[in-house]
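Below: the structure, in structure tokens.
The values are calculated or read from the model by the stated rules, or taken from the named source; none is laboratory data. Treat the numbers as computed from the prediction; the structure is a model and nothing was measured. Positions of Cβ are generated from backbone atoms using ideal geometry, with glycine treated the same way; all protein chains shown enter the neighbour counts.
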Amino acid sequence: MDKRIALTVNDEQVNAPEHCTVAAVLLASPGVATRVSVTGEPRGPLCGMGVCFECRVTIDGEAHQRSCQISTSDGIVVATRGNDSYPREHEQYLSEEIVNKAYDVLVIGAGPAGIATAVTAAQAGQRVAVLSDDPHIGGQIWRHDHAKPLGRFAADWRDRLSRSSAEWIASASVFASPKPGVLLAETPTGPMRIRADQIVLACGARERFVPFPGWTLPGVFGAGGLQALVKAGMPIAGQRVIVAGTGPLLLAVADYLRSRGANVRLIAEQTSRGKLARFAGGLLLREPAKIAEAAGFAWRLRGIPFRPNCWPTSADGEGHLQSVTLTDGSRRWTEPCDALACGFGLVANTELPCLLGCAIEHGFVRVDADQRTSVPNVFAIGELAGIGGLDKALLEGEIAGHVVAGRHDLAAALQRRRAKARGFVDRLADTFALRDDLRQLPDAKTIVCRCEDVTFEQLRTQPDIRTAKLHTRIGMGPCQGRICGSAAEFLFGWDAGSVRSPIFPVAMKSLAGGE
Amino acid sequence: MSAATCDVAVLGAGIVGAACARALAMAGLRVAIVERATIGGGATAAGMGHVVVMDDSDAQFALTRRSQQLWNELAPQLPDAVEYVQTGTLWIAVDDEELTAARAKYAYYTSRGIVAEMLDADGVARIEPNLRPGLAGGLRVPGESVIYPPCAALWLVNQALERNATLHRAEAKRFDRTTIELSDGSALIAGAIVHATGIGATRFMPSLPIRPRIGHLVITDRYPGFARHQIVELGYIKSAHGADKESVAFNLQPRKTGQMLLGSSRQYDVTDGTVQPHMVTRMVARAFEYMPALAALSVIRTWTGFRAATPDSLPLIGPMPGWPGHFVATGHEGLGITTSLGTAELIVAHVTGQRSSLDLNAYLPTRFAEVAHG
């Protein structure tokens, strides 16, 4: 039996298992609101991975803490209301000693790609550190699960990393780069300045959200978002869940949620049956391993309706989600449910590559066969260089690991396999491209920017993203446009705006050591 | 080539151009506004939006005071998006020398009818409990306010458009007397032309004595009530008007949203608008000397902007020698948000011959020899 700890939530004692996140504990009450939006709407966690800032609460008197990124600990005091406080003591500000670190190779991101680079480069004798915003190694696909050990393959990689000489820096957010080869990060113990001869970016991807009426209700999650929250300890057993959106992730999420006792009612896939059939045919020809994976899903998901050509048109409920209305293009119907897990594909986390000046093409970092970006000594791997899943991420991670260690011969052997993995990237993008119908989902009052509550109506007459930002405040909140930016790109065709440090909200004291 | 005609063309829809366009349209003139990019998207978007009276010179006082009166008169009409809020200004003195400066400011303001109040150390701590203990005191000017500049500029432009002004999404390429050739291939024939393009005015009129002076700002997430006044260190005056190549001063603004907006920095001879980490560091360190509790607040954005600075800290408003029919309204440095409305009143007077309560001669570009004889 897990050890249980006691914390205070809105003045009430709550017991929770150890190693859960605060968000997961709060979500033990279904449909709970973690904050009130700027126009007074209740909001709950959406992305589950520290990106959307909807799960902000006050912890021990400090407002605006992302509850999905913070583990519970005995005696902490959490408040979901009046999210505006700050430590009020008047101590003279004491300059925190900045910690200086230096490595041959710094890997940003601890998913499969980052782990593969770190292991490969460390084995070749490089001084390596791997850093992540997350408290645990694994990224999204190998995310730490509080209730279940990692699968054998993932655990092997994790163990190789822990046996290697690579240093692991947890819960560190890189927010600035004062000069080439130098990064500043905020960590729980203070600011850190890291110098590295070579930087490998493995920042991964986040989910794309398409706004529709009711998508801001507590109980509406990202697909990967709900999975991440359940892995962090959110109870889901017995809950009625609809999984919607697009891409292979929907199947993985439904499979996982069912394994944790969720009552998955429907998987709604927006792409057409014809596109899916062509995709499956391609797998048969080229990727027998992926066919086996798909067959496994099909077996475990039997009994759950899978509907292609189907997407949500609205989410409804009083203060929290109670039902979802869906369509197949001709007919509409309403399904009662407790949670909606919806993701409309993945968007690469290009903020740090942009800050470093890396060229971006069609939303991804441009890389050559060695995974080099346009900036000297900066590499990009995994989803940053094209959404392609685990095999491609590991390959690219290993290639970059060999290249940074000067072992081009070993890299060359892997580059042919990478070419095949890239073919899968294009087929994925084509199969799961978003249908135009989804652009018609928002009504005038649908909120597009959840931080600042900017509506579709306010945005549709704006000429460009910069004007929209200045005149409506879209993207000006703490998520810095990470959620609304990709939505606005889909709805209005706007480019992402400019990127400036800090690329993540940081305590002002972290800016004090910026040279 | 197609050519539209108007009584006055206003080049630039920053806050100054927007205010001029509105005032000219309200005076009954047919106005054409020429702006290629976002309305209020240049120096206006980078500014703090503090509507403040300043007293470096009698001319500066007159212009800022008149402008503030105009803003306060407009306040009831301003839409929510302009985020007008009367915060008052609190000038902070750290020692006796600065307290003496505060007293001088108090005497200057009160003798000219401005409500102000001297505060001792306890008084300052009472109204702004997040300031560190042990400050010498301060001067509170309660009638001052804060606005969100880009939406203020947008509202002013919309007011002009409601009075039949036209908006031309282009920039001026060439002038033939008062005919303007625009970047979209069209032309405008204007009775008069107002150059309200900030630093950009020097492109056509290189003799104008304006230099870009970059500033940095930092904004936090929402912490309603953390500070109530715009809080400015009295050392700001040294920073703003010293000749130092680089300077910082503590200047904190509580926005209507509950966000805290922190300034300020000043540097000459920087042409790249990239945020400079060493300046942010200096600014933030300066702020912690006054308000250590700021250290824990979450910062969500930093940015820079270029002020159009003149050698005597006064704007350039009036006819341009050698350019018949052309007027300039530029060089507002860090006070353009405040002084836009007074500038507009002066421009209307110059263009139409209407009377103004302000002295038309005090801000003429011809006060500088290089302009007068250029």
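Going residue by residue through the stretch A:486-501, is there one that turns out to be assigned to a loop (DSSP other than H, G, I, E, B), at the interface with chain B (Cβ under 9 Å from one of its Cβ atoms) and within 23 Å of residue A:358 (Cα to Cα)?
yes
Given (1) out of contact with any Asp or Glu (no Cβ under 9 Å at 6 or more places or on another chain); (2) crowded, with 22+ Cβ neighbours inside 10 Å; (3) more than 13 Å from chain B (Cβ to nearest Cβ), where does residue A:416 come up short, assuming only one miss?
So the condition that residue A:416 fails would be (2).
Is it true that residue A:488 is at pLDDT below 95, small (Gly, Ala, Ser) and over 26 Å from residue A:274 (Cα atoms)?
no
Out of all the residues in the stretch A:204-219, which are closer than 18 Å to residue A:489 by Cβ, of a type outside the set (Gly, Ala, Ser) and within 18 Å of the chain's Cα centre (by Cα)?
If the condition is that a residue be closer than 18 Å to residue A:489 by Cβ, of a type outside the set (Gly, Ala, Ser) and within 18 Å of the chain's Cα centre (by Cα), then A:206, A:207, A:208, A:209, A:210, A:211, A:215 are the ones that fit.
For the condition under 22 Å from residue A:187 (Cα atoms) and either more than 8 Å from chain B (Cβ to nearest Cβ) or surrounded by 22 or more Cβ atoms within 10 Å (Cβ to Cβ) (or both), what is the one hit in A:458, A:480, A:462?
Exactly one of A:458, A:480, A:462 is under 22 Å from residue A:187 (Cα atoms) and either more than 8 Å from chain B (Cβ to nearest Cβ) or surrounded by 22 or more Cβ atoms within 10 Å (Cβ to Cβ) (or both), namely A:480.
Given the criteria farther than 15 Å from residue B:196 by Cβ, more than 14 Å from chain A (Cβ to nearest Cβ) and basic (Lys, Arg), does residue B:30 qualify?
Taking the combined requirement at face value, the residue satisfies it.
If you check A:389, A:357, which single one turns out to be within 27 Å of residue A:481 (Cβ to Cβ) and either among the hydroxyl-bearing types (Ser, Thr, Tyr) or buried (at least 17 other Cβ atoms within 10 Å of the Cβ) (or both)?
A:389
Limited to the stretch A:425-467, what total is found for residues that are touching a Gly at 6+ places or on another chain (Cβ under 7 Å) and of a type in the set (Gly, Ala, Ser)?
Within the stretch A:425-467, residues that are touching a Gly at 6+ places or on another chain (Cβ under 7 Å) and of a type in the set (Gly, Ala, Ser) number 0.
Condition test on residue A:247, is it under 18 Å from the mean Cα position of the chain (by Cα) and on the phi > 0 side of the Ramachandran plot?
Working: under 18 Å from the mean Cα position of the chain (by Cα): yes; on the phi > 0 side of the Ramachandran plot: yes.
For residue A:247, the condition - under 18 Å from the mean Cα position of the chain (by Cα) and on the phi > 0 side of the Ramachandran plot - is met.
From the list B:44, B:89, B:100, which residue is within 30 Å of residue B:290 (Cα to Cα), crowded, with 23+ Cβ neighbours inside 10 Å and away from every other protein chain (no Cβ under 14 Å)?
B:89
Is it true that residue A:257 is closer than 18 Å to residue A:437 by Cβ, in contact (Cβ under 8 Å) with a residue 40 or more places away in the chain and either in contact with a Leu (Cβ under 9 Å, 6 or more places away or on another chain) or hydrophobic (A, V, I, L, M, F, W, C) (or both)?
no
Mind telling me which of the residues A:426, A:443 ends up being touching a Pro at 6+ places or on another chain (Cβ under 9 Å), of a type in the set (Asp, Glu) and surrounded by fewer than 17 Cβ atoms within 10 Å (Cβ to Cβ)?
Going through A:426, A:443 in turn, the sole match is A:443.
Among the residues of the stretch B:280-338, what is the count of those that are aromatic (Phe, Trp, Tyr) and touching a Pro at 6+ places or on another chain (Cβ under 7 Å)?
Total meeting the criteria: 2.
Out of the residues in the stretch B:258-296 that are of a type outside the set (S, T, N, Q), part of a loop (DSSP other than H, G, I, E, B) and at the interface with chain A (Cβ under 9 Å from one of its Cβ atoms), which is surrounded by the fewest Cβ atoms within 10 Å (Cβ to Cβ)?
B:258
Which of the residues that make up the stretch B:167-191 are β-branched (Val, Ile, Thr) and either surrounded by fewer than 14 Cβ atoms within 10 Å (Cβ to Cβ) or farther than 22 Å from residue B:15 by Cβ (or both)?
Those that are β-branched (Val, Ile, Thr) and either surrounded by fewer than 14 Cβ atoms within 10 Å (Cβ to Cβ) or farther than 22 Å from residue B:15 by Cβ (or both): B:178, B:179, B:189.
Filtering the stretch A:181-204 down to residues that are at pLDDT 95 or above and assigned to a loop (DSSP other than H, G, I, E, B), which residue is farthest from residue A:119 (Cα to Cα)?
Ranking the qualifying residues of the stretch A:181-204, first place goes to A:181.
Just name the residue that is nearest to residue B:219 (Cα to Cα) out of those in the stretch B:302-336 that are surrounded by 17 or more Cβ atoms within 10 Å (Cβ to Cβ) and within 14 Å of chain A (Cβ to nearest Cβ).
B:302
Give the residue that is modelled with the highest pLDDT, with candidates limited to residues of the stretch B:192-226 that are more than 30 Å from residue B:320 (Cβ to Cβ) and surrounded by fewer than 22 Cβ atoms within 10 Å (Cβ to Cβ).
Ranking the candidates gives B:219 first.
So residue A:214 clears everything in (1) assigned to a strand (DSSP E or B); (2) at pLDDT 95 or above except one condition, right? Which one?
Every condition holds for residue A:214 apart from (1).
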